[in-house]
């Protein structure tokens with residue numbers, strides 16, 4: 001039985017922009033940055049696509065877009081927190097977004113997008129609206145956000161310092177310290193400590 005390949009994560013055109021790279025025929029995971037791949041795979045990375053975009057078929061470059069598609073919303077939340085940097089400005093794009101200069105990072109359901117586009121505000125907003133509509137949506141349990149972030153008290157919380165991690169790789173990459181294993185009793189204590197620290201560094205993308 002023939003199985004139809006999934007549609008490219010990045011459309012051939014976005015508004016007046018034209019994709020320069022070929023549409024992905026596979027999951028694209030071989031092109032992921034090796035330094036980032038262990039954390040992203042821990043988060044459940046499923047597909048990856050990157051391309052430059054030009055102003056029309058033969059126009060000048062307008063920048064690049066990267067899309068990371070995860071197995072579920074929880075993984076995308078972790079990756080979003082992994083990518084965002086201190087001091088970035090909150091933006092109103094998708095479920096949550098931050099920017100700095102021409103870099104925009106946003107999450108929409110199970111997808112995380114990183115853009116470097118040289119566009120005006122209105123044109124960039126239109127491009128992002130079209131891209132979000134194009135991206136495949138999560139269904140069923142994969143579309144549900146985790147409840148853990150909702151347990152953090154809003155009062156007195158520095159939201160910028162809060163991060164959500166699914167495993168030790170992402171936890172350490174975002175500044176967490178995992179104690180060394182020292183026997184079964186110590187391992188139980190380590191797990192409890194890790195759970196408590198992970199909770200204290202959970203991000204809320206409301």
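The values are calculated or read from the model by the stated rules, or taken from the named source; none is laboratory data. Bear in mind the structure is a predicted one, so any value in this text is a computation, not a measurement. Don't worry about glycine lacking a Cβ; one is built from the backbone with ideal geometry, like all the others, and counts go over all protein chains shown.
Here are some notes:
- Among residues that are surrounded by fewer than 18 Cβ atoms within 10 Å (Cβ to Cβ) and at positive phi, residue 101 is included.
- Considering region 51-73, the residues that are surrounded by 16 or more Cβ atoms within 10 Å (Cβ to Cβ) and more than 16 Å from residue 127 (Cβ to Cβ) include one that is farthest from the chain's Cα centre (by Cα), namely 72.
- Criterion: in contact with a strand residue (DSSP E or B) (Cβ under 8 Å, 6 or more places away or on another chain) and either on the phi < 0 side of the Ramachandran plot or surrounded by 18 or more Cβ atoms within 10 Å (Cβ to Cβ) (or both) - qualifying residue of 76, 35: 76
- In summary, residue 153 fulfils each of the numbered conditions (1) in contact with a helix residue (DSSP H, G or I) (Cβ under 9 Å, 6 or more places away or on another chain); (2) loosely packed, with under 11 Cβ neighbours inside 10 Å; (3) outside the structural domain of residue 66 (by TED's automatic domain parsing) with the single exception of condition (1).
- Just one residue in the set 81, 122 is under 11 Å from the mean Cα position of the chain (by Cα), in a helix (DSSP H, G or I) and assigned by TED's automatic domain parsing to the domain that holds residue 32; that residue is 81.
- Only residues that are in contact with a helix residue (DSSP H, G or I) (Cβ under 7 Å, 6 or more places away or on another chain), part of a loop (DSSP other than H, G, I, E, B) and surrounded by 14 or more Cβ atoms within 10 Å (Cβ to Cβ) were counted in region 134-150, giving 3.
- Filter result (touching a residue at least 60 places away in the same chain (Cβ under 8 Å) and in a helix (DSSP H, G or I)) within region 169-180: 169, 170, 173
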